[in-house]
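> Once you've had a glance at the structure underneath, I'll fire off some questions.
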Amino acid sequence: KTVMRKSTPDPNGKVWFVEHQRGLRWGMLDFDKVPAPSGTNLISDPEGAIEYLIGLLPEDFWDASCVWQLSSSAGMNGEDFICAHLFYYFDREVTNTELNALVKQINSNAGHKLIDPAPFRTVQPHYTAAPLFDDDIPDPIQRRLGFRNGLEDEVIFPEIELTDQVYTGSSD
């Protein structure tokens, strides 16, 4: 049976998915095609690329531990871009609305879309598996997953302003 990825009623009034503001203590920040600084090498030094991304975040994230993952598109377009996911543990439960507001603030401060807000939509699959290749084609990235041991185990979630203009995530 077909399931619509919609969080608003269809023409017949059927609602397929309903947003529930459950608080979670962790969140994933999805960086898509961030221009890599000169000298970045995703193959020999993926940690260097991850440290660069962390440096683009607010100070609250700089000293925190995180799990990092180079996404399946990392390395597919050479080393001109960094595509990665950073998984952080927060000091308190946060909602998708709060994570959306945080991403909006980070992107606004950066002056461009640094972090993709899509993972915080009501209905948004997010793929974290490594890419699959034919047997005769090797993955250009040998190590896609790691742990960054920071000075702190969790991020003190930054103060953010919640407004009506925060993207609520409808995929309609």
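> Cross-chain or 8 or more residues apart, Cα under 28 Å: how many lysine pairs in the chain fit that? Count them up, please.
Lysine pair count for the chain: 8.
> Which whole-Hz ³J(HN,Hα) couplings does segment 38-55 yield from phi under the Karplus relation 6.51 cos²θ - 1.76 cosθ + 1.60, θ = phi - 60°, glycine and proline marked x?
These are the phi-based 3J(HN,Hα) values: 3, x, 6, 9, 5, 7, 8, 8, x, 4, x, 5, 5, 4, 4, 4, 4, x Hz.
> Let me ask something additional. Using the Karplus curve 6.51 cos²θ - 1.76 cosθ + 1.60 with θ = phi - 60°, what ³J(HN,Hα) values do you get for each residue of segment 26-37, in whole Hz, with x for Gly and Pro?
Values per residue, Gly and Pro as x: 9, x, 10, 9, 9, 9, 10, 6, 7, x, 7, x Hz.
> Now, a different point. Amide H of Val155: which non-local residues (sequence gap of 5 or more, or other chain) have their own amide H closer than 5 Å, using H built in the peptide plane?
Tyr89, Phe90, Asp91
> Which value, in Å to one decimal place, does the Kirkwood hydrodynamic radius take for segment 12-71 when every pair of different Cα atoms is included?
Computed over Cα pairs of segment 12-71, the Kirkwood hydrodynamic radius comes out at 14.5 Å.
> Turning to a different aspect of this structure: For Glu152 and Val15, what does the FRET efficiency come to when R0 = 45 Å and r is the distance between their Cβ atoms, rounded to the nearest 0.05?
Plugging the Cβ-Cβ distance into 1/(1 + (r/R0)^6) gives 0.65.
> While we're looking at this one, here's another question. Where the accessible area of the chain is counted over protein heavy atoms with a 1.4 Å probe, how much of it, in %, is carbon and sulfur?
C and S fraction of accessible area: 51 percent.
> Ordered by residue, what ³J(HN,Hα) values in Hz, to whole numbers, does segment 102-116 give under the Karplus form 6.51 cos²θ - 1.76 cosθ + 1.60, where θ = phi - 60° and Gly and Pro are x?
Calculated HN-Hα couplings, in order: 4, 5, 4, 5, 4, 5, 5, 5, 6, x, 6, 6, 7, 10, 6 Hz.
> While we're looking at this one, here's another question. Could you sort Ser65, Ser38 by their accessible area in this structure, using a 1.4 Å probe and putting the largest first?
Greatest to least solvent exposure: Ser38, Ser65.
> Right, here's the next one. Can you give the extra length, in nm with one decimal, that the chain gains between Phe133 and Phe87 once fully stretched, where that is 0.36 nm per residue apart less the Cα-Cα distance?
Between Phe133 and Phe87, full extension yields an extra 14.0 nm.
> Quick one: which residues, 5+ away or cross-chain, put their amide H under 5 Å from the amide H of Arg25? H built at 1.01 Å from N.
For Arg25, the qualifying residues are Val94.
> Hey, another quick one. For Asp153, what accessible area in Å² do you get when you roll a 1.4 Å probe over the heavy atoms of the protein chains, rounding to the nearest 10?
Counting only protein heavy atoms, the figure is 120 Å².
> Rounded to the nearest 10 Å², what accessible area does His126 show when all protein chains are kept and the probe is 1.4 Å?
About 70 Å², rounded to the nearest 10.
> Turning to a different aspect of this structure: Determine the principal axes of the Cα atoms in segment 37-94, then give the extent along each, sorted from largest to smallest and rounded to whole angstroms.
38, 21, 16
> Tell me, what is the per residue accessible area of the chain in Å², probe radius 1.4 Å?
Using a 1.4 Å probe on heavy atoms only, each residue of the chain averages 60 Å².
> Over 22 Å, how big is the tail of the calculated P(r) for the chain, in percent of all Cα pairs?
The answer is 50 percent, as a whole percent.
> Where the convex hull is taken over the Cα atoms of segment 67-128, what is its projected area averaged over directions, in nm²?
Directional mean of the projected Cα hull area for segment 67-128 stands at 5.2 nm².
The values are calculated or read from the model by the stated rules, or taken from the named source; none is laboratory data. All of these numbers come straight from a predicted model, not from anything done at the bench. Using ideal geometry, Cβ is built from the backbone for each residue, glycine included, and neighbour counts are taken over all protein chains shown. Side chains included, ligands, DNA and RNA excluded: accessible areas come from the protein's heavy atoms. Shrake-Rupley method; radii C 1.70, N 1.55, O 1.52, S 1.80 Å.
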